[in-house]
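Presented below is the structure to which this report refers.
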């Protein structure tokens, strides 16, 4: 008998989410309203941010955050090509040009050593990415942003529940801090179903700057401010009610994912796992493993598919997409290698022992 496919992702939904939606339906208020306000307060409290504004998607969060820190037509934004296309697209939506820098091979994140050389008089912001939930080096990148007087925005689409050790960003205290705490001018989250927690779709922007928060709140709901026309980027109360329940599940989901990744790391010694720096705790939103060559990665994907296990190539590169090929960039060898030599393995919520065994068996061949 053929087993059901092991999916790349599987949102964890239950009667609590259904009850939350029923409560909103009974209230008669389903558009942005009291549930959105409560979700924003819950999220801000969970990550330790002074301000959090809910929006309709992670892309909307990136677009509004970049506008809010002053990115305008003719500006440049230093970012990575090795990311979901929404990262580069959000820069284009502002009329600005993405300037791509390469990644670190081990973390798949922006290489801080390459950022300084990419900054020009036209640079308005750095847009770093916590790729697949792995925190990037905010301390080093933030130091460059501060020294050069440009804004720093975090693409934290995948990073709800990820943490950095306090002090690695200059905070100067012990313990761990959530991504989304004020490590930058703004951090942008996604609640797409592929993420640890989901509202069907949706996003959030956290910031320490009240003016940034005010701009985002105006622009998400048709308001015109600072010469920028508003949009309809609102989240509904139906989504927010689900999000509040999902947020309560987040700590347990992170624990589960970290356990699964450690078990896979132990059982798959022949492939290279991402490097988690000592100052970082990933939520392991996605698991990307590296093979010895592009051919070996393609063969592994074929074995996984034959075994009924969902798998994907490594993260795509924006500069290899038609709409972004004119982006400014230095050579990006690590980004290109990562796409070709890596495979994304499934990490569905509630992953069973049988599903995990099937993944291991297909990867080992």
Being in contact (Cβ under 8 Å) with a residue 60 or more places away in the chain and either in a helix (DSSP H, G or I) or not assigned by TED's automatic domain parsing to the domain that holds residue 90 (or both) is the requirement here; does residue 343 meet it?
no
Given the structure, is residue 217 at pLDDT 95 or above, part of a loop (DSSP other than H, G, I, E, B) and surrounded by fewer than 24 Cβ atoms within 10 Å (Cβ to Cβ)?
no
Among (1) more than 30 Å from residue 252 (Cβ to Cβ); (2) assigned to a loop (DSSP other than H, G, I, E, B), residue 116 falls short only on (2)
How many residues are under 16 Å from residue 48 (Cα atoms), surrounded by fewer than 19 Cβ atoms within 10 Å (Cβ to Cβ) and at pLDDT 95 or above when one looks only at the range 144-169?
0
Among the candidates 287, 268, 344, which residue alone is over 30 Å from residue 119 (Cα atoms) and surrounded by 21 or more Cβ atoms within 10 Å (Cβ to Cβ)?
287
Is it the case that the range 347-357 has a residue that's part of a helix (DSSP H, G or I), touching a residue at least 12 places away in the same chain (Cβ under 8 Å) and under 21 Å from the mean Cα position of the chain (by Cα)?
no
Members of the range 347-363 that are within 17 Å of residue 270 (Cα to Cα) and either surrounded by 22 or more Cβ atoms within 10 Å (Cβ to Cβ) or at pLDDT below 90 (or both)
359, 363
For the range 311-325 the number of residues that are touching a residue at least 12 places away in the same chain (Cβ under 8 Å) and either part of a loop (DSSP other than H, G, I, E, B) or surrounded by fewer than 19 Cβ atoms within 10 Å (Cβ to Cβ) (or both) is 9
From 223, 230, 172, 200, residue being modelled with pLDDT under 95, in the same structural domain as residue 41 (by TED's automatic domain parsing), part of a loop (DSSP other than H, G, I, E, B) and at positive phi:
172
From the options 65, 49, 9, 44, residue that is closer than 19 Å to residue 192 by Cβ and either modelled with pLDDT of 95 or more or in the same structural domain as residue 212 (by TED's automatic domain parsing) (or both)
65
Just a yes or no: is a residue in the range 219-238 in contact with a helix residue (DSSP H, G or I) (Cβ under 7 Å, 6 or more places away or on another chain) and more than 22 Å from residue 68 (Cα to Cα)?
yes
Can you tell me which residues in the range 175-196 are touching a strand residue (DSSP E or B) at 6+ places or on another chain (Cβ under 9 Å), assigned to a loop (DSSP other than H, G, I, E, B) and at pLDDT 95 or above?
180, 184, 185, 191, 192, 195
Quick one: is residue 136 in a loop (DSSP other than H, G, I, E, B) and either in contact (Cβ under 8 Å) with a residue 24 or more places away in the chain or touching a helix residue (DSSP H, G or I) at 6+ places or on another chain (Cβ under 6 Å) (or both)?
yes
Flag if residue 111 is surrounded by fewer than 23 Cβ atoms within 10 Å (Cβ to Cβ) and more than 30 Å from residue 313 (Cβ to Cβ)
no
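The values are calculated or read from the model by the stated rules, or taken from the named source; none is laboratory data. All values derive from a computational prediction rather than experimental measurement. Positions of Cβ are generated from backbone atoms using ideal geometry, with glycine treated the same way; all protein chains shown enter the neighbour counts.
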